[in-house]
Each structure stands twice: as structure tokens, then as C-alpha cells.
Amino acid sequence: MLACGDDSGTGGSGGGTTTASTTTGATTTTSSTKSSTTATTTATTTATSTTTGMADCTSPIEITVGQFVLGSADGAAANYVAPTTPDLGDVEADELAIEIYGSDYDPAFNGEATGSFDLTMDADDNYATCSRCLLYFEDPTSPAGRIFFTQSGTLEIDASSDHLSGNITGTLTDVRLVEVTIDPDTFESTPVAGGTCLHLATGVVSVMTPG
């Protein structure tokens, strides 16, 4: 299991360094390393109830997602973020993040693959082990903001994508995310008992980086 995060940015699931993430409309400064579990993650892990168990998903909040932009990409890992509606927080715009980690980052990961991926399979069902990590950040840089991780859903990555280098074409379908805590040492994601659930019916992922 990898260790992620140095307490300074947005989501991820393995070791390295990271910086704070800002999205809304323009660029994101999130590191492409799995250490992109940041201050937001660590603070939320501390501030939120650590009671384990399943979230109550009988009435999930329906969300939509806007245009994804590239956070960072280096050929081994990449990060894409997008604004969401409705905005659940009250400090700054919420964001949905896709983090992808390939075997050049660590042999345990296979994020370079294309095709249709059930996000409950192939270790993508936990933040500590995911090659394709989908996270929702409420008030991304606020210590009080909540974090949500995939419970179910599909990410399709088109074969034309060079997604670890900043170019991705894909679709998110029937995605359910649950409120989680993330262990600051192991980066294991644990559902918050009775926590909030989100549902995204569909979302287009399309980023083309010049050059």
C-alpha cells in the first residue's frame, strides 16, 4: 500500500508531494502524484466523525458536473478537475476530481489502460489502492470541507486518450459517491456512518492539452 499526501492539496492515493487545488474555471495546481491527498483530506479526516459503516444512500443528492480541466500530468499520473452543481459548501466552489495512476508511477497501478471500468473493481473501490480515483471535494481547501469517494459507477476512457499525459476523452455513468474519512497514514477511505451520498447520472470528460 502506498502512502499519499503531505498535507497541502487535493485528493489521491499514494506517496509523493502535492499542492493545494483550486479549480473554478481556470487552472488547478494539484500535484499529479498519488500524494495528492492534501491538507483538505487530512483536516477532514480529523474533523469528521471517524465512525465506520455504510452511508445512508436512500436519498442521494443529484449533482451535475461542468467542464473538466487538467490539473497536472507527467506521463505517469494525471489529475483532472471540474466544477459541480449544486454547490454543497459555503466557502468556495466544490469540485469533482479524477486522479489516474499508471504502472510507471508504481507497478501496482494500471491507469494507462483504456476501456470501460467498473469503479468497484480492480482495487478502484478504495482511495489507498485506486488506479482510477474519483473524489468529490466540498470546499476543497477548507479544513471543514467534506470528502466523497466512489461507491459505484463506470468510467469509460476512449482508446484515443493519452490520459496520463493530459489528453482524455471519456464518460462517467451512474456514479454514486459516499462521504468518507481518509486515514492520513494509510490513505484508506472509510464511509462515514449515516453520511451523505451523491449521485451523478452522467458526465463528459474531455480535455485536450496543446502541444
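Ordered by the count of other Cβ atoms within 10 Å of each Cβ, fewest first, Val91, Val180 give Val91, Val180. For a distance above 25 Å, tell me the whole-number percent of Cα pairs in the range 39-207 that qualify. In whole percent, the long-distance tail amounts to 25.
Arranged from fewest to most other beta-carbon atoms within 10 Å of their beta carbon, Phe68, Phe117 become Phe117, Phe68.
With a cut-off of 9 Å between beta carbons, the residues surrounding Phe117 carry a summed charge of -3, where Lys and Arg count +1 and Asp and Glu -1. Less than 5 angstrom separates the built amide H of Gly153 from those of Leu119, Thr120, Arg176, all sequence-distant by 5 or more or on a different chain.
No lab work stands behind these numbers, since they all come straight from the coordinates. Model, not experiment: these values are computed from the prediction. Cβ atoms come from the backbone with ideal geometry, glycine included; neighbour counts cover every protein chain shown.
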